[in-house]
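The block underneath contains the structure these notes are about, expressed in structure tokens.
The values are calculated or read from the model by the stated rules, or taken from the named source; none is laboratory data. For clarity, every value in this text was computed on a predicted model and none was experimentally measured. FYI the Cβ positions are ideal-geometry reconstructions off the backbone, even for glycines, and counts take in every protein chain you see. Keep in mind that these areas ignore ligands, DNA and RNA; they rest on the heavy atoms of the full protein, side chains included. Shrake-Rupley method; radii C 1.70, N 1.55, O 1.52, S 1.80 Å.
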Amino acid sequence: MLLINCPWCGERDETEFSYGGEAGIVRPENPEILSDEEWGDYLFMRKNTKGVFTEQWNHSSGCRQWFLVKRDTVTYKIIDSYKFDRSDSENKGSK
Amino acid sequence: MKNKYSALSLIKNAFTNNKNWKPAIKNAEPKKSYDAIIVGGGGHGLATAFYLAKNHGIKNIAVVEKGWIGGGNTARNTTIVRSNYLWTEASLLYEKSLKLWEGLSREINFNVMFSQRGVYNLGHTLQDMRDIERRVSANRLNGIDAEVVNAEQIKKEIPYINTSSSARYPILGASLQKRAGVARHDAVAWGFARAASDLGVDIIQQCEVTDIIKSNNQIHGIETSKGRIESNKVGLVVAGHASVLAAMANLRLPLESHPLQAYVSEPLKPVLDTVVMSNAVHGYISQSDKGELVIGAGIDPYIGYGQKGSFCTIEHCMQAIMELFPYFSRVRMLRQWGGIVDVSPDACPIISKTPINGLYLNCGWGTGGFKATPGSGWVFAHTLANDEPHQLNAPFSLERFSTGALIDEHGAAAVAH
Amino acid sequence: MQKNRIDQISEINKDKLLNFTFNGKKMQGYQGDTLASALLANDIKIVGRSFKYHRPRGIVASGAEEPNAIFQIGSGAKTEAGLKATQVDLYDGLIATSKKGWPSINFDIAIINDWMSKAFGAGFYYKTFMYPAKFWKFYEFFLRKLSGFGSAPDQKDPDNYDHKNIHCDLLIVGAGPAGLMSALCAVQTGAKVVIVDEKDRFGGKLLSSSEKINNIPAPEWAKNTQAILENSPNVTCLKRSTAFGYYDYNFITVCQHFKNHNLNQVKQRLWRVRAKQVILAQGAFERPLVFSNNDRPGVMLASAVSEYVKRFAVLPGRNIAVFTNNDSAYQTAIDLKQAGISDLVIIDSRKNNNSNAYLDVSSLAIEVKFNTAVINVRGNKHVDSIDLASINEATGIHDKEITQRKCDLLVYSGGWSPAVHLHSQSGGKNEWSNDLHCFIPIKSNQECESVGSCNGKWSLKDCLEDGLKKTKIILTNLEFDTPDVPLPEVEEKKYFSISPLWRVKSDIEPELIPKQFIDFQNDTSVTDIFLAVREGYENIEHVKRYTALGFGTDQGKLGNINGMAILGEVLGKPINEIGTTTFRPAYTPVSFGVCAGQDIGKFFDPIRKTAIHDFHDRLNVPFELVGQWLRPWYFPRSKETLYASVHRESLATRNSLGMMDASTLGKIDVRGKDAIAFLERIYTHDIANMSIGKCAYGLILGEDGMIKDDGVMARLDENHFYITTTTGGAATVLSWLEQWLQTEWPELDVYLTSLTDQLSTIVLAGPNSRKLLQKMGAKGIDSDELPFMHTAKTSINDLDVDIFRVSFSGELAFEVNVNSNSALSLWQAFMEHGKEYNITPYGTETMHVLRAEKGFIIVGQDTDGSVSPVDAGLGWMLSKNKDFIGKRSLTRKDSNKKNRKQLVGLYSVDKKSVVSEGSQLIKNKNKDKDNPVPMFGHVSSSYFSPILNQPIALALLENGRDRYDERLVAVSSDENEIEVIVTNPCFYDSKGERQNV
């Protein structure tokens, strides 16, 4: 049972959050100039990192804010959680 | 077969105090090179090796396993076998597998205890029932046994189920595949391992792949904890870790690895003679021959390689089981565990060549790979041997994620209007 | 007659006699007994039969490790299967039944299996039952009958279960000496402490101890300490509570059992504990010794016998042998001697022993035979004598010369194994100790410490010291003042020297001597380990699975370590190279009911009802479940069928006036100076040129280009929009929009607010809809004031409403949005004032028919995640002037392939038969079955259209728009075949004149 630190609300039980997957997948500026492979890469291909991984979470049963979490996907230890506007954040990306 | 199993052999060996049994699992040390290397000693990998040797005459094969054979998802699933999928592409692949299951114990001379006790997929809403009708009518035209049953028929066959119309998610009906069922998970891995090694396949355990060797877009072999092993054909069959292995060859895959949890009750007298699955309330349940209720939950939402998940997932699954089987409230959970499933965007596997010559992929089975074990091995062996997919797995290419030809088995799970 | 009850001070209350039955036989015990102690008091020897060989089995242990005494408790709705007698507190009227053995546990016909056991070795079932193929079902039928410890109830559970969350500074698991010491230390600091123990009183092993703490007898010290803790406001004491799961972030699940609960109370409670620090003080399990016929009834663990004697005043034998490889069983011998046993011998496998323990038993004149082993137990149903032989020091093999000794109870101890279960579940590692000959916890993975004997501390003093020392450190780390708690005075009694004996070795191979059992419940014996290795199953996980070692309901608590050590012997490897198998929850079994808690039945998932629901409910209408919503399906008059009702509702709407509760539609308010820029990216059509007051049908695609959701959107002001979603899509669409805004386009100034609950929507559809609204005072809704696809504000009956002139039925129609508090009264006013137009409420089914007549899709019914806008005939909605989510995917290879499935209409050729929704479309009647039969598409919607007086259907068909007028066959799951003609999906009023009036 993860204990996630919402940057707005503080530590809350996992059940208050919903998951948004890998962070930093930026929507291409001009999709029309991409090849099918490049577009498919944006759409579907994922790092699926085993180890420290930056991901998106939403405090969906709380403040409804999206934020970023650095988490080890093997131990599930959360190393950091922070807002999108932090200067070092991979501050973009949806799906 | 060198060491045939039968009732007679049990009796004969009893008289010699069981001293003459030959190894079922032969531990091999790696040779310098092989005609083909299968990475991953789970059910799918071992089946691939077996069919490569049996159907395609390739004998110089290694199966390389990081831990112990059958120790990944083969050992961790709820063992449901069925083929009543929605799309023709998927149902034909799973049906091939089901047909192989039906003869498997005798084909590999190892009792995998394939028990064709039927699988019910419950429908709880009008849209569920439309989807069931669509799936069953398609299955039948594809030559797959399937039928639609109503709530009374379900109650008659499954007396402990709650078909009350006042349930939160009342059961309106179900699809039933009578030829579907469950099998003994460990036996599948061991049986394929034994049959494959009888055909000369080297099964190398405790051997972790650390790198994939390639040059000029051609595979040359693998680096492992037991040294370099050469081959110009390498098949990756590592459920849960496909992305990790593919990354060694600089490939990204359309996969996310999630924890999938399951649990068993203490052994009970026979109380459930079939398999019941419900997508809407999210629980799968059957009773093992030992009497344990074997129950599968949904996946945990986050990426996780820890072979563990969160208790809230178990809790929710328990609530789902209470919804379907309120009588089981006083039954007790004995043990829970987790596996790692690699989930693809269309809930269908990837059984495919890759952009790298000689590198082949078999992954993305999500929560449903066990049922496909023999079929997956059969078509993947074909793909490796011929450097071309069999027509059954041609639709399951990696390429479909750029062309858009997905086979969306999430089906019409959407709820609208 | 409690034959084995003795007269001595104990924890039971002899003034309270309790009646119970065991396998139909009436017996008595006392308050304070467990079922196991009561059975032993009544001299019950056989309590069950083993799984495979059906051998008679007796009580072995006194706790969670008991493998044999497993019963069905109670009857009817309250029956429970598989309970261990050692964990069941006796109560008056208890009914215990053994479900093993036929015809009875005393005479079980399947004992034949035992005689033929050589053919039933490990994994025998993998080697047979393969022919003929069809017979597996038959074999399985019998195999299944033999398994199981009891039956599930065949009624609904009358009891309640609940859940409680608790956060604490310190969770202490186990209230034995170390746990109590830890709590005593923490209590003074004010830290919030939770202490749990599975027994009904605190003390653990102290309760059967003869030692003294601060000069007070240990059981009394435990009682005093319990009282202190219970009187401390900062301590939560959970008795009869088992911590069964240790999850990430110090989340521990505890199951609490309530004693003597009645129907209105809770039977069990699941505590979800989130602790800053955890102290594990679960104690240790005693190991059996492995020798021939070591499973006979009358062979018991030494510590269990001590506990039965001292805590329950039960003496299960009179002529007793104690077989041990360590000192701890010497205490049992002393306890037995003090209970009056004179026929007593200690058989010690060690060479000699000059420890205190030896001196203590010598002073009591208890005979000790060193360098000796029990090599076999005689007696078919109960031990009546044992074979003894000396052990060759060099080889470890017993000598040929055998002496026999009579006894009616054999007590054994193979040493102790710390209960590392929770530590392991938490991710902690264990290491084999060559001094202590057991696994001890090292390296915690979470904020937890093991103390006391679960950390390999055997003596009372060490346990107390360990608990105290570590708790002080933890509290200091938690920034509490380090408490000044002294270590209590304890007499040093070191009974822990051990020399391992994993099995009694003979020069005869294991197959030829009577079985030496390792796991009692699954009948795993030494020969099985040998066989497994011979067959290549060498990894401990393979051995475990092949032999079923540790797969019983005691989860290997009794036999696993012996099994691993013997595997090490067979493989020639030290035990630390064998490794442990994974420890998983539950530590001891927990009921499904307590895991589920109260979120079952109607609380399984919230039910949402509209503000108008009471009206529908009073009419007793059937509801359709859509997402979490209950929507009226149809509004039958008296005993009308669905068909008749829909017929009436739909004609009433087409001919005059129908009304629908559409409140479940998702409603989102979109504002901000970048609202247009945002919506342009989301919707497929052009937004910027929409004038204020204009409505549009809007389509949302996933980035994969497939239809995700649809609805109406309206521009209310310069930077203010109102959008609707499908009922089921409301929540997902809102969070999806938020995700884009927050994660991808945070620079956009846009605010989204859900209005789904605040506003209710009433649809008035039909030629008389405007008349009704105007009659009730609505202004500005004439066709020139409010043209089709426009919105206006007005008031009806003094209620402010928003009116949207949109139509999902093809009729002149208005969607009226009103504050939900007033929705029911407005609905009733419409009903009242609409009488002159025969106003007819209609449900989802009629809505489906009306929209299908118009060829409008329902997302999720006519689309399935693989349908693009072009497929659905909505290509005209795709803007060429801008990018939007999903646009790029529409030019992928597969999106433009030739034979994509397209939305079409179908007529039944016979104009009578309604095809089943879900039917497949094939070329010809399915005369000669060639499998697989090519399918060209499927029927997604199908109804009898009352206005057209014939069946209509919508389908997704390969190249559908090029196949109008083609004849196909629709085949249903029951192989009913109906001939259909392909047509345009819009069946009625294709020019759209009716909605434009």
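Details
- For region A:26-50, taking the residues that are open to solvent by less than 10 Å² (accessible area, probe 1.4 Å) and within 24 Å of residue B:250 (Cβ to Cβ), the one that is farthest from the other protein chains (Cβ to nearest Cβ) is identified as A:39.
- Filter result for the condition that a residue is within 23 Å of the chain's Cα centre (by Cα) and away from chain A (no Cβ under 14 Å), over B:282, B:241: B:282
- Residue identified as of a type outside the set (Phe, Trp, Tyr) and more than 25 Å from residue C:683 (Cβ to Cβ) among C:878, C:799, C:874: C:799
- Subset of region A:55-84 that is open to solvent by 50 Å² or more (accessible area, probe 1.4 Å) and either in contact (Cβ under 8 Å) with a residue 60 or more places away in the chain or under 15 Å from residue C:739 (Cβ atoms) (or both) - its residue that is farthest from the other protein chains (Cβ to nearest Cβ): A:83
- Residues that are open to solvent by 30 Å² or more (accessible area, probe 1.4 Å), more than 14 Å from chain B (Cβ to nearest Cβ) and not in a loop (DSSP other than H, G, I, E, B), drawn from region C:475-527: C:476, C:477, C:498, C:505
- For region C:408-432, a residue qualifies if it is among the polar types (S, T, N, Q) and over 25 Å from residue C:306 (Cβ atoms), and the qualifying residues are C:424, C:425, C:426, C:430.
- Considering region C:126-139, the residues that are outside any loop (DSSP other than H, G, I, E, B) and modelled with pLDDT under 90 include one that is nearest to residue C:100 (Cα to Cα), namely C:139.
- Whichever residue in region A:1-25 is open to solvent by 70 Å² or more (accessible area, probe 1.4 Å) and outside any strand (DSSP E or B) and, among such residues, is nearest to the other protein chains (Cβ to nearest Cβ): A:15
- The residues of region B:90-107 that are open to solvent by 30 Å² or more (accessible area, probe 1.4 Å) and more than 11 Å from chain C (Cβ to nearest Cβ), listed by number, are B:96, B:99.
- Residues that are of a type outside the set (Phe, Trp, Tyr), open to solvent by less than 10 Å² (accessible area, probe 1.4 Å) and modelled with pLDDT of 95 or more number at least 2 in the following strands (runs of 3 or more DSSP E) confined to region B:227-295: B:234-236, B:256-265, B:275-278, B:283-287.
- Every residue from region C:533-565 that is more than 17 Å from residue B:70 (Cα to Cα), in contact with a Ser or Thr (Cβ under 6 Å, 6 or more places away or on another chain) and open to solvent by 10 Å² or more (accessible area, probe 1.4 Å): C:561
- Any hit, region C:605-614, residues being β-branched (Val, Ile, Thr), within 11 Å of another protein chain (Cβ to nearest Cβ), under 29 Å from residue C:270 (Cβ atoms) and open to solvent by less than 10 Å² (accessible area, probe 1.4 Å): no
- Residue in region C:255-266 that is among the basic types (Lys, Arg) and either part of a strand (DSSP E or B) or open to solvent by less than 10 Å² (accessible area, probe 1.4 Å) (or both) present: no
- Residue check for residue B:307: at pLDDT below 95 and either open to solvent by 10 Å² or more (accessible area, probe 1.4 Å) or more than 9 Å from every other protein chain (Cβ to nearest Cβ) (or both): yes
- Residues in region B:122-145 include none that are of a type in the set (Gly, Ala, Ser), more than 7 Å from chain C (Cβ to nearest Cβ) and farther than 30 Å from residue C:622 by Cα.
- Region C:566-598, subset buried (at least 24 other Cβ atoms within 10 Å of the Cβ) and over 27 Å from the mean Cα position of the chain (by Cα), residue nearest to the other protein chains (Cβ to nearest Cβ): C:567
- Of all residues in region C:210-266 being among the hydrophobic types (A, V, I, L, M, F, W, C) and out of contact with any Phe, Trp or Tyr (no Cβ under 9 Å at 6 or more places or on another chain), the one that is modelled with the lowest pLDDT: C:263
- Scan of region C:306-345 for residues that are of a type in the set (D, E, K, R) and within 15 Å of residue C:41 (Cα to Cα), ordered by number: C:307, C:310, C:311, C:318
- Single match in C:415, C:452 (criterion: open to solvent by less than 20 Å² (accessible area, probe 1.4 Å), touching a His at 6+ places or on another chain (Cβ under 9 Å), in contact (Cβ under 8 Å) with a residue 60 or more places away in the chain and at positive phi): C:415
- Candidates C:370, C:323 - the one that is within 45 Å of the chain's Cα centre (by Cα) and either aromatic (Phe, Trp, Tyr) or over 20 Å from residue C:288 (Cβ atoms) (or both): C:323
- Strands (runs of 3 or more DSSP E) fully within region B:298-402 counting 2 or more residues that are among the basic types (Lys, Arg): B:332-343
- Being within 23 Å of residue C:915 (Cα to Cα), open to solvent by 20 Å² or more (accessible area, probe 1.4 Å) and not in a strand (DSSP E or B) is a description that does not apply to residue B:152.
- Subset of region C:293-315 that is under 19 Å from residue C:207 (Cα atoms), touching a strand residue (DSSP E or B) at 6+ places or on another chain (Cβ under 6 Å) and not hydrophobic (A, V, I, L, M, F, W, C) - its residue that is least open to solvent (accessible area, probe 1.4 Å): C:308
- Residues that are in contact with a helix residue (DSSP H, G or I) (Cβ under 9 Å, 6 or more places away or on another chain) and more than 7 Å from chain B (Cβ to nearest Cβ), drawn from region C:133-158: C:139, C:146, C:158
- Residue check for residue C:530: open to solvent by 30 Å² or more (accessible area, probe 1.4 Å), touching a residue at least 24 places away in the same chain (Cβ under 8 Å) and not β-branched (Val, Ile, Thr): yes
Rundown of residues vs (1) out of contact with any Leu (no Cβ under 8 Å at 6 or more places or on another chain); (2) of a type outside the set (Phe, Trp, Tyr); (3) in the same structural domain as residue C:985 (by TED's automatic domain parsing), yes/no style:
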residue: C:763; (1), (2), (3): yes, yes, no
residue: C:773; (1), (2), (3): no, yes, no
residue: C:779; (1), (2), (3): yes, yes, no
residue: C:783; (1), (2), (3): yes, yes, no
residue: C:804; (1), (2), (3): yes, no, no
residue: C:813; (1), (2), (3): no, yes, no
residue: C:817; (1), (2), (3): no, yes, no
residue: C:828; (1), (2), (3): yes, yes, no
residue: C:835; (1), (2), (3): yes, yes, no
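- Looking only at region C:203-229, residues that are on the phi > 0 side of the Ramachandran plot and assigned to a loop (DSSP other than H, G, I, E, B) come to 3 in all.
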